[in-house]
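Notes to accompany the following structure.
The values are calculated or read from the model by the stated rules, or taken from the named source; none is laboratory data. Keep in mind it's a predicted model, so treat the numbers as computed, not measured. As a convention, Cβ positions derive from the backbone with ideal geometry for all residues, glycine included, and neighbour counts pool all protein chains shown.
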Amino acid sequence: MGRVLAAFALPLSAPAQGADVLVAVAANFVRPAERIVDDFVEMHGAHVALVAGSTGKLYAQIRNGAPFDVFLAADQRRPALLEDEGFALAGSRFTYAVGRLALWSGREGVEVHADMLRRGDFRKLAIANPELAPYGLAAREVLSRLGALAWAQERLVTAESVGQAFALAATGNADLGLVAAAQAQRAGHGSLWLVPESLHEPIRQDAIMLARSRDNAIAAAFVAFLRTDARGVIASLGYGVASR
């Protein structure tokens, strides 16, 4: 009846294999997805399992046959590619959340601002891998637009996902992290600067139903729930919601 949160790995665990709906979810959206699944399960009594990872890695696994029903990406590009390549159901793609980026320190009382990046007032900066994670790509755009990308390269600590980048900053393995604002706000501690949206392209996160879910009525119901009932949860946890 419940849901399982699995680290990104194959083969899948037995609980994940037995799920009515198997959802691949971008690392930044794991906590909201858990809340949404809890609400959906309470209403429908289904077994929904979550498998989390970077958007790029999940995309690659889907193309290699991973048995996911729904993909909650952190960008628009990978769901669109899956639709074009025939791995997803045409016409099922939509934007479920709009993310923000934050510069975050796990320490209290730190004056976090753009000049820290411009002047290099840090030893290590954690970002997600720009090749795999949309939040990492946005972080690289921020550094570039602030004129800090070239010299900051040697101080970057690159994580596979934005969730791992946040963990590096939270544990002190990096002084700062360019991470999902929702993660930083939810932490309830530390110091943050909300990065102006003018410094990077919009982080529009798309969902799509995958080809194997064509006849899965529970997967269709979950996606419908994400489009409607879940909007309040998404907004309450620090994400924008696209107009219907």
### Task
Keeping to segment 137-154, report how many residues are modelled with pLDDT under 95 and either polar (S, T, N, Q) or touching a strand residue (DSSP E or B) at 6+ places or on another chain (Cβ under 6 Å) (or both).
1
### Task
Find all pairs meeting these conditions: Cβ atoms under 8 angstrom apart; at least six residues apart or on different chains; first residue within segment 31-47 and at positive phi and not assigned by TED's automatic domain parsing to the domain that holds Gln185; second residue outside any helix (DSSP H, G or I) and loosely packed, with under 15 Cβ neighbours inside 10 Å.
Gly45/Met1
### Message
Can you report the number of residues in segment 228-244 which are closer than 18 Å to Glu34 by Cβ and of a type in the set (D, E, K, R)?
### Response
2
## Note on the structure
Selection from segment 56-104 of residues of a type in the set (D, E, K, R), within 14 Å of the chain's Cα centre (by Cα) and not in a loop (DSSP other than H, G, I, E, B) yields Lys57, Arg77, Arg78
### Task
Can you give me the number of residues within segment 182-211 that are in contact with a helix residue (DSSP H, G or I) (Cβ under 9 Å, 6 or more places away or on another chain), charged (D, E, K, R) and part of a helix (DSSP H, G or I)?
1
### Task
State which residue pairs qualify: first residue closer than 16 Å to Glu85 by Cβ and of a type outside the set (A, V, I, L, M) and inside segment 206-227, second residue assigned to a strand (DSSP E or B) and at pLDDT 95 or above in any location, beta carbons under 6 Å apart, and separation of 6 or more residues or different chains.
Asp206/Thr95
### Message
Can you go through Arg93, Arg77, Arg63 and tell me which one is surrounded by fewer than 20 Cβ atoms within 10 Å (Cβ to Cβ), under 30 Å from Ala174 (Cβ atoms), of a type outside the set (Gly, Ala, Ser) and not assigned by TED's automatic domain parsing to the domain that holds Ala128?
### Response
Arg77
### Task
Could you identify the single residue in Val179, Val142 that is assigned to a strand (DSSP E or B) and either surrounded by 14 or more Cβ atoms within 10 Å (Cβ to Cβ) or not assigned by TED's automatic domain parsing to the domain that holds Ile62 (or both)?
Val179
#### Entry: Search result, residues across segment 163-176 that are small (Gly, Ala, Ser) and outside any helix (DSSP H, G or I)
Gly172, Ala174
### Verdict on Val112 being buried (at least 20 other Cβ atoms within 10 Å of the Cβ), farther than 14 Å from Ile208 by Cβ and modelled with pLDDT under 95
yes
